[in-house]
Amino acid sequence: MNKRRGRAKYMYGKFQAQTSDFRTAVGVLFDDFLYKHPSLNMKMKIHNDILDLRNSTVALVKSCIGSKILESKFGIKIRLHATPSSLESFFEKQRHTFYKPCEICGEKRITNYSHILPYSLGGPNDEKNYIHLCPTHHHLFDTSRLSREEWEKLDFSKKLKAARDYVKKIKLPLLRKFWRKKL
């Protein structure tokens, strides 16, 4: 773990690092169950359903912890969800023959589904929690370094209420601080 300006940096986010033991333990719990019931391993559909249940359980706990962090720190309430990141959802997004343009610059060659309410804080994998940004603007959004002009191009009006609250209570004050420093 690298230290930079007195704060710990995590490769996949602090939440991921702090819950790693738990997620591993849930995986071991399910793996032990399958080991004790080898007949289930022979039935691929049941085996896959159990793995899906494991992944959904981890996603639900992750959502619960993230929602409690948001509620206690920022007063933002979100609904719990049990939607794990999956290869299927990744491939579904990739199946499109075109990318939605960056909502700031219009770049179409490659854009990211950028979480407004961070997934690491319980933000759901939901179209109403995404904005479509090119890699540069995605990074600038995540690090609260968009210019005022770039920020004003984003429309959050049809996004989740919790995402709008997060933008208003967390992102905008950070951006205003950045804009003051920049001047």
In the stretch 147-160, the residues that are part of a loop (DSSP other than H, G, I, E, B) and over 23 Å from Ile78 (Cβ atoms): Ser147, Lys153
Which ones in the stretch 164-183 are among the hydrophobic types (A, V, I, L, M, F, W, C) and not in a loop (DSSP other than H, G, I, E, B)? Val167, Ile170, Leu172, Leu174, Leu175, Phe178, Trp179
Among the residues of the stretch 130-138, are any surrounded by fewer than 16 Cβ atoms within 10 Å (Cβ to Cβ), more than 24 Å from Lys73 (Cα to Cα), within 16 Å of the chain's Cα centre (by Cα) and not aromatic (Phe, Trp, Tyr)? yes
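Residues are listed down the side, and each one gets a yes or a no for (1) farther than 19 Å from Gly122 by Cα; (2) at pLDDT below 75; (3) not in a helix (DSSP H, G or I):
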residue: Ala17; (1), (2), (3): no, yes, no
residue: Arg23; (1), (2), (3): no, yes, no
residue: Val28; (1), (2), (3): yes, no, no
residue: Phe33; (1), (2), (3): yes, no, no
residue: Asn41; (1), (2), (3): yes, yes, no
residue: Asn48; (1), (2), (3): yes, no, no
residue: Leu53; (1), (2), (3): no, no, no
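Listed here are the residues, each with its yes/no results for (1) in a helix (DSSP H, G or I); (2) in contact (Cβ under 8 Å) with a residue 40 or more places away in the chain; (3) of a type in the set (Asp, Glu).
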| position | (1), (2), (3) |
| --- | --- |
| Ser120 | yes, yes, no |
| Asn125 | no, yes, no |
| Lys128 | yes, no, no |
| His132 | no, no, no |
| His137 | yes, no, no |
| Leu140 | yes, no, no |
| Arg145 | no, no, no |
| Ala162 | yes, yes, no |
Does the stretch 60-115 hold any residues that are modelled with pLDDT of 75 or more, of a type in the set (A, V, I, L, M) and either surrounded by fewer than 12 Cβ atoms within 10 Å (Cβ to Cβ) or within 21 Å of Asp142 (Cβ to Cβ) (or both), and which are they? Ile65, Ile69, Leu70, Ile76, Ile104, Ile110
Would a scan of the stretch 136-145 turn up a residue that is of a type in the set (Gly, Ala, Ser) and on the phi > 0 side of the Ramachandran plot? yes
Examine the stretch 109-117 for a residue that is part of a loop (DSSP other than H, G, I, E, B) and either under 24 Å from Lys68 (Cα atoms) or in contact with a Gly (Cβ under 9 Å, 6 or more places away or on another chain) (or both), and state whether such a residue exists. yes
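The values are calculated or read from the model by the stated rules, or taken from the named source; none is laboratory data. What you are looking at is a predicted structure, and each value in this text was computed from that prediction instead of being measured. Every residue, glycine as well, gets a Cβ built from its backbone with ideal geometry; the counts of neighbours run over all protein chains shown.
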